[in-house]
Structures are given as C-alpha cells and as structure tokens.
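Visitor: Can you keep this structure in mind? I'll have questions shortly.
The values are calculated or read from the model by the stated rules, or taken from the named source; none is laboratory data. Quick caveat, the model's predicted, so the values are computed rather than measured. A quick note on method: Cβ atoms are made from the backbone with ideal geometry, for glycine too, and the neighbour counts reach across all protein chains shown. Side chains included, ligands, DNA and RNA excluded: accessible areas come from the protein's heavy atoms. Shrake-Rupley method; radii C 1.70, N 1.55, O 1.52, S 1.80 Å.
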Amino acid sequence: MAEAQHVAIDRVWPDAASDLDDDALVAVLREPVLRVNFVSSVDGAATRDGLSGGLGDAADRRFFELLRRVADVVLVGAGTVRAEGYGPMRVSDASVAWREAHGLTPHPVFAIVSGSLDLDPASRIFTEAPIRPIVVTTPGRDVAPFAEIADVVETGVGERIDAAAATEALRARGLAHILCEGGPHLFGSLLAADVVDELCVTLEPSLEAGESRRIAAGILPAPRELELVHVLRSGSTLLLRYARDA
C-alpha cells in the first residue's frame, strides 16, 4: 500500500493541539475495541457516485490508514469489498514498522463477511494475501474452495450472519481489536447485535443530495446513544470519534 499523504490534522476537542503526528493520533486508538469507520457528507450521504471512496479526502485517507495500523483484523462486507475494489489487506511501510515494533503482525487480518459466500477464491485478496484471511459465512455453504486460502467462520441462518457470534469467533482467535469498514448492512447488523464500541465518522464538507445511502442500514429496536470522544479537524473536514454511551 502506498504511503498515506501527510496532511495536517489538528485536535479541536477535548484539548486543542495542532498538526498531530502519527504517534499522537494512534495513542488514543490502541484499546482493543470493535470500532466502525465511515465517511459521510454534511447532508448524510455515505457515498459519491456509488462509492464511499469518492467522498474521502487526504485527511480521511491518513486517519483511515492509522485506524488500520492499530487493528488486529479489518472486517468488511463482501458487497463493499467488490464495490470499493479492495485488494489484499496491506498497510503502509510506516504502519508495518509500527506494528512490528509493537508486537503485531505486519498487516491486519482481512475478514470478509458474505452470507451467500459470493466470493472468488482466485481473487488477489486471497492469492496475494500477506496474512491468511478469514471468510465469515453462514452454515451450509460450499467452503471447500476456501480451505487452503482462508480460515472459515460459519455462523447464522440462511444468508444472515450472526454478528455477535462472528465477533466472538474473531476474538477467540486473539483478534480483539476489530476495525469494521462497512458497508451499511454489516454496520447495521453489528449495531443490532449491540457489539459496536466506537464509531469514527469523517464529516466531509460537501452537500451531495440525491439518493445516497446512510452509513447504517437495517432496523434497531431503539436508538443507540453515543458519547463524543474527540473532534479532529483538517481544513473544513471534521474527524469525529464516538463511544457507546455507558
């Protein structure tokens, strides 16, 4: 992965600080939680031209890389993997050096969620993976093509993943620090299972209008209250971090 472009990120709240370096930014991200990361426009659009990557700017990409830097595993829905053009899960050289210095694997594990197992075992995601990936699917699928290239977690019913059981399966493998990068349906299922600890949202200074989806899909029995943890700023872009309300 190419080195993330350095762009100044300041902390606005809770205590002001200017042009934070990578160490200062990751110092508060190291707790082993299930963290979800999304980007959104000011008017709530989660995509531009159908892609979340169309919204992110240099500050978002820098923070995105730092979130991966500290994660044990990056959890992504198969639809997002296809739509956003994911390749093998690799972090930057700087992140590799940091991870190895802190006793982590050079790259996070890539965990892909597909209830229907609509994945290509010949994809570069598997054939060029620096760390053996994990496939999360539902029981009854033909997992044999993945036996040599990935660990398979089977949980849920039909095409619906049991999000809580999947999370526990990752933690049972020693992958306690989980970063979910979407998409909205996976985020919604994690929310419904009440397993999300933190949410990072990059608020891009744009108005998108149209019919773009929200960052979370599905139905919750009740709203989830959150507590603001920090506010970072780069130009007119805000990087917000929330924790579940105790």
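Visitor: Helix by helix through the chain, keep the DSSP H runs that span 18 Å or more along the axis on Cα and average at least -0.5 on Kyte-Doolittle, and give those back in order.
Guide: 58-70
Visitor: Follow-up. Within the chain, what whole-number % of the accessible surface is contributed by carbon and sulfur, with the 1.4 Å probe and all protein chains included in the calculation?
Guide: 52
Visitor: Additional query: Please report the net charge: other residues with Cβ closer than 14 Å to the Cβ of ASN37, K and R +1, D and E -1.
Guide: Net charge around ASN37: -1.
Visitor: Taking the Cα centre of the chain as the origin and placing charges on Cβ (Lys, Arg +1; Asp, Glu -1), which of VAL91, ILE161, HIS6 is farthest toward the positive end of the dipole?
Guide: Value computed over the given set: ILE161.
Visitor: Continuing with this model, one more query. Let me make sure I get this right: for region 37-182, a, b and c are the square roots of the gyration tensor eigenvalues over alpha carbons, sorted descending. Under 1.5 in a/c it's rounded, otherwise prolate if a/b > b/c, else oblate. Which is it?
Guide: Oblate, since a/c reaches 1.5 and b/c is not below a/b.
Visitor: Take the alpha carbon gyration tensor of region 94-172, find the square roots of its eigenvalues, order them as a ≥ b ≥ c, and report rounded if a/c is under 1.5; if not, report prolate when a/b exceeds b/c, else oblate.
Guide: In terms of gyration-tensor shape, oblate.
Visitor: Right, here's the next one. Nearest 20 debye, what's the magnitude of the dipole of region 173-246 about its Cα centre given +1 on Lys and Arg Cβ and -1 on Asp and Glu Cβ?
Guide: 120
Visitor: Suppose accessible area is computed on protein heavy atoms with a 1.4 Å probe; arrange THR105, THR167 from highest to lowest.
Guide: Descending order: THR105, THR167.
Visitor: Can you compute 3J(HN,Hα) from phi for each residue in region 17-33, using the Karplus curve 6.51 cos²θ - 1.76 cosθ + 1.60 with θ = phi - 60°, rounded to whole Hz and x for Gly and Pro?
Guide: Ordered by residue, 3J(HN,Hα) equals 7, 10, 6, 5, 7, 4, 4, 5, 6, 7, 4, 9, 10, 8, 5, x, 10 Hz.
Visitor: Percent relative contact order of region 1-157, based on C-alpha pairs within less than 8 angstrom and at least six residues apart?
Guide: So the answer I get is 18 percent.
Visitor: Under the classification rounded if a/c is under 1.5, otherwise prolate if a/b is larger than b/c and oblate if not, where does region 188-242 fall, given a ≥ b ≥ c as square roots of the Cα gyration tensor eigenvalues?
Guide: Judged from the Cα gyration tensor, region 188-242 comes out oblate (a/c at least 1.5, b/c at or above a/b).
Visitor: Moving on. Rounding to the nearest 20 debye, state how big the charge dipole of the chain is about its Cα centre with +1 on each Lys and Arg Cβ and -1 on each Asp and Glu Cβ.
Guide: My answer is approximately 200 debye.
Visitor: GNM, the chain, Cα, under 10 Å: largest mean-square fluctuation among GLY183, GLY218, GLY79?
Guide: GLY218
Visitor: Continuing with this model, one more query. If Lys and Arg each add +1 and Asp and Glu each add -1, what is the summed charge of the other residues whose beta carbon sits under 13 Å from the beta carbon of ASP245?
Guide: After counting each charged neighbour, the total is -3.
Visitor: Just to confirm a number: summing +1 for Lys and Arg and -1 for Asp and Glu over residues other than HIS177 whose beta-carbon lies under 13 angstrom from that of HIS177, what do you get?
Guide: Net of charged neighbours comes to +3.
Visitor: Could you give the nm distance between label points at ASP120 and GLU159, where each point is 7 Å from its Cα heading toward the beta carbon?
Guide: 1.9
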